[in-house]
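The values are calculated or read from the model by the stated rules, or taken from the named source; none is laboratory data. Everything numeric here is computed off the predicted structure, so don't read it as measured data. Keep in mind that these areas ignore ligands, DNA and RNA; they rest on the heavy atoms of the full protein, side chains included. Shrake-Rupley method; radii C 1.70, N 1.55, O 1.52, S 1.80 Å.
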Amino acid sequence: MPSLKAAIVPVTPLEQNCTLIWDDDTKTGAVVDPGGDVGRIRSGIEELGLTIEKIVLTHGHFDHIGGVAELREALGVPVEGPHRADEPLIANLPAIAEQYGLGTVESFTPDRWLDEGDDFDIAGIPFEILHCPGHSPGSLVFFQKDQRFALVGDVLFRGSVGRADLPGGDMDTLINSIRTKLLVLGDDIGFICGHGPTSNIGDERANNPFLQD
């Protein structure tokens, strides 16, 4: 199995974790959730010597997708994800970005919507797709079984969970997604989330106050 590596590029005033993930043998990979600050993202790609083959989206909130149109044009690569349930969020991106004071942000249409069970890979390395609504209707988690690693977007954080008070959010649905889709993966699964530090399933099962019975 090739060796995956990842680097986090914090972007936007919300310090969103845009993730560069790649096969260390071939230096090919993907940009996950380019929410803005495209120049910073491109500098990270250049410094690491990566060839980006696609842009991957965990969900449709503005701080995760605000730089997609600009980055897609610059790199000439397809956009995959999120789940189609987040289509209204993407369609309304310009108005939402203006509301939050981010200026002019261009909307886009993904080249491929994703759903649980779809075939999906990064640099030829297969990932399982898990549909985990609750933070947003179309939130996705990308899980690499062999390397015991997941990209969870804003579904789960170290010591917390995603907000459920935004349009389309629901806390009961979110907690159910975490319990039925993520906790069952195994305590050894490490993950990168959409904001803040990384963690693993075991620590969150034991210590996350939102997951205690």
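Each residue of the stretch 45-57 was assigned a 3J(HN,Hα) from its phi angle through the Karplus curve 6.51 cos²θ - 1.76 cosθ + 1.60 (θ = phi - 60°); the sequence is 4, 5, 4, 8, x, 8, 10, 8, 9, 6, 10, 10, 10 Hz, with glycine and proline shown as x. Largest first, the three principal axis extents of the alpha carbons in the chain are 47, 42, 29 Å in whole numbers. For the stretch 46-133, the Stokes-Einstein estimate of translational diffusion at 20 °C and a viscosity of 1.002 mPa s comes to 154 µm²/s, using the Kirkwood hydrodynamic radius over alpha-carbon pairs.
Leaving out ligands, DNA and RNA, what percent of the accessible area of the chain is carbon and sulfur, probe 1.4 Å? Carbon-and-sulfur percentage of accessible area, whole number: 48. As a length-normalised measure over Cα pairs under 8 Å and 6 or more apart, the relative contact order of the chain settles at 15 percent. Could you tell me the distance between the Cα centroids of the stretch 114-176 and the stretch 23-52, to the nearest Å? Measuring centre to centre over Cα atoms gives 21 Å. By the rule of a C-alpha distance below 13 Å, with chain neighbours fewer than 8 residues away ignored, the aspartates and glutamates paired with LYS181 are GLU116, GLU128. In order along the stretch 95-103, phi translates into HN-Hα couplings of 5, 5, 4, 5, 4, 8, x, 9, x Hz, rounded to whole numbers, per the Karplus curve 6.51 cos²θ - 1.76 cosθ + 1.60 with θ = phi - 60° and x for Gly and Pro. Note on LYS5: aspartates and glutamates with a C-alpha under 12 Å away, same-chain residues under 8 apart excluded, are ASP23, ASP24, ASP25.
Per residue, the chain exposes 43 Å² of accessible surface when a 1.4 Å probe is rolled over the protein heavy atoms with every protein chain present. For the stretch 6-104, the spherically averaged projection of the C-alpha convex hull amounts to 5.8 nm².
Calculation over all alpha carbon pairs of the stretch 145-213 in 10 angstrom steps from 0 returns a P(r) of 21, 59, 18, 1 percent.
Averaging over every viewing direction, what projected area does the convex hull of the Cα atoms of the stretch 105-159 cover, in nm²?
For the stretch 105-159, the mean projected area of the Cα convex hull comes to 5.4 nm².
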